[in-house]
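Q: Let me begin by handing over the structure; questions about it come next.
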Amino acid sequence: MKTLPRVDVAIAGGGWSGLLLARELGARTSLSIAVLERGAPRTTADYAEGMDEVDYAIRLRMMQDASKDTLTFRHTSKDRALPVRQFGSFLPGDGLGGAGEHWNGETPRLLPDVFEVYSRTVARYGKKRLPADHSIQDWGVTYAEIEPYYNRAETLLGISGRGGRNPFEGLRSAGYPTPPMKLGHFPALFVEASRALGYEPFPMPSANLSTTYKNPDGIVRPACEYCGYCERFGCMVGAKAQPTNVLMPVIARQSNVSVRTGATVRRVVHKDGRASGVTYIDTDGQECFQPADLVALASWTMNNTRLLLLSKAGQPYNPATGKGQVGRNLTHQAPGGVVLFFDYPLNLFMGSGANAATIADFDGDNFDHSSLHFLRGAHITAPAVGHRPVGNFGLLPPATATTWGSQWKKAAIDFFDRSAALATNGEHLAYRTNYLDLDPVYRDSAGDPLLRMTIDWNDNERNMMAFMSARAAEIGRAMGASEVAMPRPLKRYDVTAYKTSHVQGGTIMGASPESSVLNPWLQHWKVENLFVLGASAFPHNASGNPTLTILALTLRTADAIVDRYLKRPGSLA
Amino acid sequence: MRRRHFITISGASLGGVLVYGFDRKPTVLHAQPEQKIRVPLRFFTTPEALIVAAATARIFPSDETGPGANEAGVVIYIDRQLAGPYGRDRYRYTQPPFEAGVPEQGYQGRANPRQIYRNGVKLLGDGFDNLKPDAQDAALRKIEGTTFFRLLRQHTIEGMFCDPMHGGNAGTIGWQLIGFPGPYMSWADDIDKHYGKAFRPKPKSLEEVLGHPVKPWEEESE
């Protein structure tokens, strides 16, 4: 093991949260900071040649290499976990910028009551309504506390949107930095129809700029070209906010920050409640020890949990006793949606990752659940992300019986540009039975145990999705769809079918060290010079996309480190 | 060293084909040069390629709704994918133990796509390519539940609609069928227009858009 010269701060992971922390600390202090990113460097110039569906959207060229490192999966602790041999239901990012490079850019703020989900739910419906085996808890932070940071994150990225359109959104101290995007036909139809039904449609807040924008760091990004290559691709013009186009140009000017690619962090080294640094394998296969006074884990959400478990930092969660914290509250947005068929073409090849209209009328607790068989809700969204020819070929009305041959071909060609889906991504509450731990059998290419996910849907999600599909179908008919295909009822968690990459939990934040790994400042309760950033800190899964909240919480942690921790190292809680 | 194998593809049937597309209006496809092309195979033997080509042509036939897998060169696409890193499972987790799971755990087999094809072609049998279409359909129906057929169907769609650099979608013929224009750099002036009407710019491959060729992933060496 090679021991490297000491740095003040070591950050594992060069995605949104890791690079944002580096930028904040780099700008406001003279600390020496090393960002350790396992993947390769990337810049905007790399992406024009990447506008290829087969290599990027199907073979997943930008994602974590599953042959080296993956997870195992099972439904319950009685089942045998098997490796996720190819990624399916979610896509872990890899390389500089991480999943923040190939995201869609949907950036809603979470509803205010999300952060107080336990106390608000109990206050309105009573403890008896909480699902069996739940492990729902408040986040230990309120919307009001993070509102200023939401605002800063939106300003940094130049989020396009229209404040005041969503009546359920929390109080905003400022409007959006840029106006909403132009809408494709499909979301435009949704706006009209949902309004006619009495709902309150609004443009999805978007990190894909509606217009040229200069942020407070002087970074100028152009308007979106609506080319349709966002999700699973990097933006070839830099209109979609990505860590490489928003943060790296600033970090490159900061002499106290170094970004090391090809550095795979394996352990946080700690003793007696204090981290002394991290170990990593470099591109030559050499194991290195990087000593540091402060360590932050900012890897892709589930990898944070794995690093804590491998490092034995915190007590592993035990589902039998409910004791232990690391690995608890694994969640993934509940998937759903209906497919609509129209009599006319929709030109769906045009679009952008966050080009969408949405309603929050059935989100969170925005509607009365007294007589319903579930808690919480979903947003119903009409996207125009850019349909691609392989991925979107073959969406057919239920009456079409064949899946190959002349009849199928004729129908699939006929419907290719006349079918589109309304998405209903639902809130996923936390349960004692959904968690992460280390797999006893399967290992990665370096010989470390894989992370094991134990997760299944419960009746709350199943009933919620049935309800949401029915609402989405009503809107679809009002949009003029000649046919509506309902989804198969949600049954068991399926690791093969893509849902979203919003897998969360495992290193959750909270008000008590008994039931959380991190305090509300994302500081490890037991190792106080260790911080853990990203959606692994979310105690449950709101229906809204996580990135803006990840950024807001990271900014809040950065402020706390600079303003309080550095002056008096110790617990911030 | 492997003996060289070839497959001969006819471009002749393509010139001036009428296609009834998404907007129910006949369109004349942009003609490909009328010639026979002898394509060197990277993975399949010639007999294997003929069977796979025949099978993909039943999944996506050439018929009154327009050209199909043969004209698009789907078998060339599949041959290149199998010869490349995907075919040998370079990016799949292939550590043992291999155990049967529930469907929600995904494909748990040991066989990589190359082996699945090599064995799958045997299921269809020698002479499959010489059978009448009805008999070919019957043989395919018998294997519909296999991993091989699932891959074959998926790869047929990929080969119909991939960027032409991967060997399928020859002359963007698949994109013309469905009205997909390819990776244009901008629709900023069109995104909120053409509501309700088909907007169908002439399809362009990535190479045509960029003005230079791009190396697809399957050609990357270790």
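The values are calculated or read from the model by the stated rules, or taken from the named source; none is laboratory data. What you see is a predicted model, and the numbers here were worked out from it, not measured in a lab. Neighbour counts are summed over all protein chains in view; Cβ atoms, including those assigned to glycine, are modelled from backbone coordinates with ideal geometry. For accessibility, only protein heavy atoms count, side chains too; no ligands or nucleic acids. Shrake-Rupley method; radii C 1.70, N 1.55, O 1.52, S 1.80 Å.
Q: Does segment A:377-386 contain any residue that is farther than 30 Å from residue A:143 by Cβ and modelled with pLDDT of 95 or more?
A: Scanning segment A:377-386 turns up at least one residue that is farther than 30 Å from residue A:143 by Cβ and modelled with pLDDT of 95 or more.
Q: Working only within segment B:160-179, note down all residues that are part of a loop (DSSP other than H, G, I, E, B) and within 20 Å of residue A:343 (Cβ to Cβ).
A: B:179
Q: Output the qualifying pairs, or none if there are none: Cβ atoms under 7 angstrom, residues six or more apart or on different chains, first residue in segment A:272-283 and farther than 14 Å from residue A:5 by Cβ, second residue among the acidic types (Asp, Glu) and open to solvent by 50 Å² or more (accessible area, probe 1.4 Å).
A: A:273/A:528; A:279/A:287; A:281/A:287
Q: Show me the helices (runs of 4 or more DSSP H) entirely contained within segment B:1-92 in which 3 or more residues are at pLDDT 65 or above and among the hydrophobic types (A, V, I, L, M, F, W, C).
A: Fully inside segment B:1-92 and qualifying: B:46-59, B:74-83.
Q: Before we move on, is residue A:329 open to solvent by less than 30 Å² (accessible area, probe 1.4 Å), assigned to a loop (DSSP other than H, G, I, E, B) and in contact (Cβ under 8 Å) with a residue 12 or more places away in the chain?
A: Judged against the criteria, residue A:329 is a match.
Q: Still on this structure: Please return the ranges of strands (runs of 3 or more DSSP E) entirely within segment A:335-439 where 3 or more residues are open to solvent by less than 30 Å² (accessible area, probe 1.4 Å) and at the interface with chain B (Cβ under 9 Å from one of its Cβ atoms).
A: So the answer is A:351-359.
Q: Inspect all residues belonging to segment B:76-91 and state whether any of them is free of Cβ contacts under 8 Å to residues at least 40 places away in the same chain, within 10 Å of chain A (Cβ to nearest Cβ) and among the acidic types (Asp, Glu).
A: Yes, there is a match, as at least one residue in segment B:76-91 is free of Cβ contacts under 8 Å to residues at least 40 places away in the same chain, within 10 Å of chain A (Cβ to nearest Cβ) and among the acidic types (Asp, Glu).
Q: Right, something else. Is it true that some residue in segment B:115-132 is within 12 Å of chain A (Cβ to nearest Cβ) and either surrounded by 20 or more Cβ atoms within 10 Å (Cβ to Cβ) or among the charged types (D, E, K, R) (or both)?
A: no
Q: Restricting to segment A:476-494, name every residue that is outside any strand (DSSP E or B), closer than 20 Å to residue A:415 by Cα and more than 14 Å from chain B (Cβ to nearest Cβ).
A: Hits for segment A:476-494 are A:476, A:477, A:478, A:486, A:487.
Q: If you don't mind, there's one more thing I want to ask. Can you pull out every residue in segment B:101-142 that is among the small types (Gly, Ala, Ser) and outside any helix (DSSP H, G or I)?
A: If the condition is that a residue be among the small types (Gly, Ala, Ser) and outside any helix (DSSP H, G or I), then B:101, B:106, B:109, B:111, B:125, B:127 are the ones that fit.
Q: OK, next. With within 30 Å of residue A:454 (Cα to Cα), under 22 Å from the mean Cα position of the chain (by Cα) and of a type in the set (Lys, Arg) as the only criterion, which of B:114, B:110, B:88 stands out?
A: B:88
Q: Got a sec? Which of A:38, A:6, A:28, A:23 is closer than 23 Å to residue A:558 by Cβ, within 25 Å of the chain's Cα centre (by Cα) and open to solvent by 40 Å² or more (accessible area, probe 1.4 Å)?
A: A:38
Q: Looking at A:555, A:551 in this structure, which one is aliphatic (A, V, I, L, M), crowded, with 24+ Cβ neighbours inside 10 Å and within 19 Å of the chain's Cα centre (by Cα)?
A: A:551 is the lone residue from the list that is aliphatic (A, V, I, L, M), crowded, with 24+ Cβ neighbours inside 10 Å and within 19 Å of the chain's Cα centre (by Cα).
Q: Same structure again: Check residue A:288 against each of (1) touching a residue at least 40 places away in the same chain (Cβ under 8 Å); (2) open to solvent by 20 Å² or more (accessible area, probe 1.4 Å) and name the one condition it does not meet.
A: Single failed check for residue A:288: (2).
Q: Those residues that are more than 17 Å from the chain's Cα centre (by Cα), among the hydrophobic types (A, V, I, L, M, F, W, C) and more than 9 Å from every other protein chain (Cβ to nearest Cβ), I need them from segment A:49-106; list them, please.
A: Within segment A:49-106, A:57, A:71 meet the criteria.
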